[in-house]
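Colleague: Take this structure, written in structure tokens, and hold onto it; I'll ask about it next.
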Amino acid sequence: MTRAVKALAPSNIAFLKYWGKSDTTRQWPANDSFSMTLAQCRTETMARPFAGSDHVVQLNGTTISRGTASGAKIFKHLDYLAERLRFSDRLAITTHNLFPTGCGIASSASGLAALTLAAVGAWSESTSLDELESKDLSRHFLADLARMGSGSAGRSLFGGYVQWERGATPEEQDFRPLHGADHWRLADTIALVSSAEKAVSSSSGHSVAATSPFFAIRQSGLTERRDAMLAALTARDLATLGTYLETEALEMHAVMATMTPAACYILPQTEAVIATVRRLRRDGLQAYVTLDAGPNVHIISTQEDQPILVRHLQELHPDLGLLLDHVGPGPELLPVEENARA
Ligand code: PMV
């Protein structure tokens, strides 16, 4: 009997950023990136074969069609997966984020990773990652499928710290798990500056990144920065990693702000939080800032220091929402009980 499956996939926060592509059709990034897989910010997606003329998708409680912006991305990815893997069954999909929706936290990495896992699990009648592996659907292969929906989603197929290697050709790009979550228990405290929908999506941003006069300059220094950051990650050297982390995030935002058309994600409150973190650091707290394609601030510290950081943030920015996360073990695929079906 065909079974329903549930995928739980985490989001990730990039330490070295992917911003810009060398080949859009083949989703080939301009540079290597690496990230920390999160534990709490996850998407849960259920899928089961369905006897209809098209897939049915429910996103955060609402049925969405191919015509909507989020629907277009999801259906396009389902069509891509079906064609590449030669599956023809229609699927009933129910998906929701396990972090507050509309809080401005990007859900494309966790969303597209969970969608890939759930759809492939339902089509291949597999209810665990091990079962997928035994059917030649390895995690590397699944990551390769997921990155076609959203580049950063490929990194969410692994736990701990994960590199997306660009390789010399589009065929050679690959995902490499660098260290497991136990290597270094880092925390990500996310300051929720704005919950507004992004004015410029990352997919349209990537396609114009190279129009920034700073893009080529950034690219010329990235290999050296990558090696220094990877060495600091291996050595668990937060002072070195953190210093690069801030430069890297602000440099990516300098590229974003100077592209045509420009994307200015940083808000006054973003800058206020960055200033607070720098002040706390001067007072001895090891905490460093990074940013995604949005105004929310990700503050990286050890898990031990997270409560102290949170206390300071609550005192200095009482109106700011905070999400407390940390490095996590990666995605899961599970069978769904009959009475809990999508
Ligand atoms: O995966 P996309 O297309 O949503 O791009 C992600 C871009 C950043 O989040 C800004 C950086 C990254 O490497 O995750």
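The values are calculated or read from the model by the stated rules, or taken from the named source; none is laboratory data. This is a predicted model, so every value here is computed, not measured. Methodologically, a virtual Cβ is constructed for each residue, glycine included, from the backbone with ideal geometry; neighbour enumeration extends over all protein chains shown. Side chains are part of the model used for accessible areas, which takes the heavy atoms of the whole protein and leaves out ligands, DNA and RNA. Shrake-Rupley method; radii C 1.70, N 1.55, O 1.52, S 1.80 Å.
Colleague: Just to be sure, is Glu197 at pLDDT below 95, farther than 16 Å from Tyr18 by Cα and either away from the ligand (no atom under 13 Å from the Cβ) or buried (at least 19 other Cβ atoms within 10 Å of the Cβ) (or both)?
Modeller: Spelling it out, Glu197 is indeed at pLDDT below 95, farther than 16 Å from Tyr18 by Cα and either away from the ligand (no atom under 13 Å from the Cβ) or buried (at least 19 other Cβ atoms within 10 Å of the Cβ) (or both).
Colleague: Test each condition in (1) more than 16 Å from the ligand (Cβ to nearest atom); (2) modelled with pLDDT under 95 for Ser202 and report the one that comes out false.
Modeller: All conditions pass for Ser202, except number (1).
Colleague: Tell me, please, whether a residue that is within 15 Å of Ala14 (Cα to Cα) and more than 21 Å from the chain's Cα centre (by Cα) can be found in region 240-247.
Modeller: Checked region 240-247: at least one residue is within 15 Å of Ala14 (Cα to Cα) and more than 21 Å from the chain's Cα centre (by Cα).
Colleague: Related question: What are the residues in region 115-164 that are more than 12 Å from the ligand (Cβ to nearest atom), part of a helix (DSSP H, G or I) and in contact with a Pro (Cβ under 7 Å, 6 or more places away or on another chain), if any?
Modeller: If the condition is that a residue be more than 12 Å from the ligand (Cβ to nearest atom), part of a helix (DSSP H, G or I) and in contact with a Pro (Cβ under 7 Å, 6 or more places away or on another chain), then Leu117, Ala122, Leu157 are the ones that fit.
Colleague: Please enumerate the residues belonging to region 122-150 that are aromatic (Phe, Trp, Tyr) and surrounded by 18 or more Cβ atoms within 10 Å (Cβ to Cβ).
Modeller: Within region 122-150, Trp123 is the sole residue that qualifies.
Colleague: Restricting to region 59-79, name every residue that is open to solvent by 20 Å² or more (accessible area, probe 1.4 Å), under 21 Å from the mean Cα position of the chain (by Cα) and over 18 Å from Val120 (Cβ atoms).
Modeller: Leu59, Asn60, Ala69, Ser70, Ala72, listed by residue number.
Colleague: Still on this structure: Report yes if some residue within region 209-227 is closer than 23 Å to Ser107 by Cα and under 22 Å from the mean Cα position of the chain (by Cα); otherwise report no.
Modeller: yes
Colleague: Also, quick follow-up: Only one residue in Ala119, Ala82 is open to solvent by less than 10 Å² (accessible area, probe 1.4 Å) and either over 16 Å from the mean Cα position of the chain (by Cα) or not β-branched (Val, Ile, Thr) (or both). Which one?
Modeller: Criteria check complete, one pass: Ala119.
Colleague: Assuming Ala187 fulfils every condition listed in (1) aliphatic (A, V, I, L, M); (2) touching an Asp or Glu at 6+ places or on another chain (Cβ under 8 Å); (3) assigned to a helix (DSSP H, G or I); (4) closer than 19 Å to Asp305 by Cβ apart from one, which condition is it?
Modeller: (3)
Colleague: When the residues of region 179-192 are filtered to those that are out of contact with any Gly (no Cβ under 7 Å at 6 or more places or on another chain) and open to solvent by 10 Å² or more (accessible area, probe 1.4 Å), which remaining residue is farthest from the ligand (Cβ to nearest atom)?
Modeller: Ranking the candidates gives Asp182 first.
Colleague: Please note which strands (runs of 3 or more DSSP E) are completely contained in region 32-78 and include at least 1 residues that are within 16 Å of the ligand (Cβ to nearest atom) and in contact with a Lys or Arg (Cβ under 8 Å, 6 or more places away or on another chain).
Modeller: 33-50
Colleague: Let me ask another. With (1) touching a strand residue (DSSP E or B) at 6+ places or on another chain (Cβ under 7 Å); (2) over 30 Å from Ser301 (Cα atoms); (3) open to solvent by 60 Å² or more (accessible area, probe 1.4 Å) as the list, and Arg26 as the residue in question, which single condition is left unmet?
Modeller: Failing condition for Arg26: (1).
Colleague: With the condition kept exactly as written, say whether any residue in region 285-294 is in contact with a Ser or Thr (Cβ under 7 Å, 6 or more places away or on another chain) and more than 26 Å from Ala216 (Cα to Cα).
Modeller: So far as region 285-294 goes, yes, one or more of its residues are in contact with a Ser or Thr (Cβ under 7 Å, 6 or more places away or on another chain) and more than 26 Å from Ala216 (Cα to Cα).
Colleague: Next question. For residues that are away from the ligand (no atom under 14 Å from the Cβ) and open to solvent by 20 Å² or more (accessible area, probe 1.4 Å), tally how many sit in region 1-21.
Modeller: Count: 4.
Colleague: Give, as residue ranges, the strands (runs of 3 or more DSSP E) completely inside region 231-330 that count at least 2 residues that are of a type in the set (Val, Ile, Thr) and within 15 Å of the ligand (Cβ to nearest atom).
Modeller: Those strands (runs of 3 or more DSSP E) span 288-291, 297-302.
Colleague: Name the single residue that is farthest from the ligand (Cβ to nearest atom) among those in region 165-178 being more than 17 Å from the chain's Cα centre (by Cα) and open to solvent by less than 50 Å² (accessible area, probe 1.4 Å).
Modeller: Only one residue tops the list, namely Thr169.
Colleague: Further question on the same structure: So, in region 85-112, how many residues would count as being closer than 15 Å to Gln40 by Cα, among the aliphatic types (A, V, I, L, M) and either within 14 Å of the ligand (Cβ to nearest atom) or buried (at least 21 other Cβ atoms within 10 Å of the Cβ) (or both)?
Modeller: Qualifying residue count for the region: 3.
Colleague: Same structure again: For region 209-222, give me each residue that is open to solvent by 30 Å² or more (accessible area, probe 1.4 Å) and within 16 Å of the ligand (Cβ to nearest atom).
Modeller: Residues satisfying the conditions are Ala210, Phe214, Gln219.
Colleague: Just the residues that are in contact with a Cys (Cβ under 8 Å, 6 or more places away or on another chain) and crowded, with 22+ Cβ neighbours inside 10 Å, please, taken from region 229-264.
Modeller: Hit for region 229-264 is Met256, nothing else.
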